[in-house]
1. May I ask you to verify whether Ser320 is among the small types (Gly, Ala, Ser) and loosely packed, with under 10 Cβ neighbours inside 10 Å?
2. Can you tell me how many residues in the range 241-259 are of a type in the set (Ser, Thr, Tyr) and within 11 Å of Leu100 (Cα to Cα)?
3. Is it the case that Asp30 is within 29 Å of Ile139 (Cα to Cα), surrounded by fewer than 17 Cβ atoms within 10 Å (Cβ to Cβ) and in contact with a Ser or Thr (Cβ under 7 Å, 6 or more places away or on another chain)?
4. Within the range 12-61, track down each residue that is touching a Phe, Trp or Tyr at 6+ places or on another chain (Cβ under 8 Å) and either outside the structural domain of Lys90 (by TED's automatic domain parsing) or closer than 17 Å to Lys90 by Cα (or both).
5. Limited to the range 282-316, what total is found for residues that are surrounded by fewer than 10 Cβ atoms within 10 Å (Cβ to Cβ) and among the polar types (S, T, N, Q)?
6. Limited to the range 274-313, what total is found for residues that are of a type in the set (Gly, Ala, Ser) and outside any helix (DSSP H, G or I)?
7. Listed residues Ala56, Ala28, Ala69, Ala60; which is in contact with a Gly (Cβ under 9 Å, 6 or more places away or on another chain) and either free of Cβ contacts under 8 Å to residues at least 40 places away in the same chain or under 23 Å from Gly222 (Cβ atoms) (or both)?
8. Show me the strands (runs of 3 or more DSSP E) entirely contained within the range 1-112 in which 3 or more residues are at pLDDT 90 or above and either touching a strand residue (DSSP E or B) at 6+ places or on another chain (Cβ under 7 Å) or farther than 22 Å from Arg224 by Cα (or both).
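The values are calculated or read from the model by the stated rules, or taken from the named source; none is laboratory data. If you're wondering where the values come from, they're calculated on a predicted model, not measured in any experiment. We place every Cβ from the backbone using ideal geometry, glycine too, and count neighbours over all the protein chains shown.
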Amino acid sequence: MPFFEEIDLFSNLSGNIYYCCRTSGLWAEDLAVSCVFNPKTGFTSGVVFGCSDDVAEEIAGRIENAENAWMHPLLMIGILVEIEKTRHMKLVEDHLFKLLQRVQNLSKSPEILPTSKLIRENYSVDLWIEVSQLKIALIAWRAQLSKMDAHIQELEDRNILGGLSQQPEDNVWSSPCLVGSGRSFDSNRTLTSTHQDEQELNKGYHDLKELESWQTSAREEGKRIQKRLKEIMGEYDCKLRECSMVLDGVTLSAQLSWNQIGFQDTRTNMKIAAATRRDGNQMRLIALLTMIFLPATFLASLFSMTFFNWDAPEGEQIVSPYVWIYSVAVVPITAVVVGAWYYLTKRKRFHDTSWALDDKV
């Protein structure tokens, strides 16, 4: 995650101000800066990590064109903010363009089937996850920009850039004065300034004016950097709203597509129900015909067996004494068939129940 940290301002004897700043490492070309600012001289030294040749050239160009901005402690941090803004804006534009294309594909598709290639491509969550991560990174980086803005105000409130002029002033006006030699003095020991003393005093006064001018320029640059930070935060707010709009659009398009799929499934189920109803009517007709013809067919089959001799002469039996074989054969076979049917259907129900329990677990 990105961060901006200021080390304790006066934890060391030199009074230097130390900064560390890191950009998000989720994407390529991330940077880190470690720099130190000397309040007495207005000099900033720092190291930028992760620079490519192009980035190093851009940093050098910005420092060269910084004008009075080099006098402010957040010079290097400000350059990093500008470079990171360019990277973030490009990432947002690329990802949002791809996601908007997907939203348009979902909204313009005339018909979507659950097994179609369009479903498999457009409902991949990879791009949605990338945009969500980018939005989180933008929010985190904007929070660091707010910290930078607050720190500039803190420097102004604590008069870090304006309250250091007393040290050089004391040093200038306490410059040693040379005592004239080769002349007699009375007991009061009057001090006389030589030409060298006047030069040192003039030089000290000139240095003091330069220091006051540097501090004034640093405060003005701080206001300018603060204004620029607010502009950049406004741009980030705009991009965050765009990300939210596109993500909401993806959710809406996905919901509409699933509603379309549900409508198609419902229409298919209605067709299946109508076909099933027609099949049911036909089966009822078949069952009615079966009930009409089955008793007659059974009786015809029964009386046509050789167990019955309808033209038997006198003294012979019409019904054969072996008719019991028919009953003995029919009953066990019927029992076996019914038992096999019951076993197979019960086994299938048990198998389906086991699968349902496994799915719940």
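1. Numbers: among the small types (Gly, Ala, Ser): yes; loosely packed, with under 10 Cβ neighbours inside 10 Å: no.
Criteria not met by Ser320.
2. Here the count works out to 1.
3. Values: within 29 Å of Ile139 (Cα to Cα): yes; surrounded by fewer than 17 Cβ atoms within 10 Å (Cβ to Cβ): yes; in contact with a Ser or Thr (Cβ under 7 Å, 6 or more places away or on another chain): yes.
In short, yes.
4. Listed by number, the residues that qualify are Thr23, Ser24, Leu31.
5. 3
6. Narrowing the range 274-313 to residues of a type in the set (Gly, Ala, Ser): 274-275, 280, 287, 296, 300-301, 304, 312.
Now restrict to residues that are outside any helix (DSSP H, G or I): 304, 312.
The total comes to 2.
7. Values: Ala56 fails: in contact with a Gly (Cβ under 9 Å, 6 or more places away or on another chain); Ala28 fails: in contact with a Gly (Cβ under 9 Å, 6 or more places away or on another chain); Ala60 fails: in contact with a Gly (Cβ under 9 Å, 6 or more places away or on another chain).
So the residue among Ala56, Ala28, Ala69, Ala60 that is in contact with a Gly (Cβ under 9 Å, 6 or more places away or on another chain) and either free of Cβ contacts under 8 Å to residues at least 40 places away in the same chain or under 23 Å from Gly222 (Cβ atoms) (or both) is Ala69.
8. Details: elements: 3-6, 17-22, 32-38, 43-49.
Qualifying strands (runs of 3 or more DSSP E): 17-22, 32-38, 43-49.
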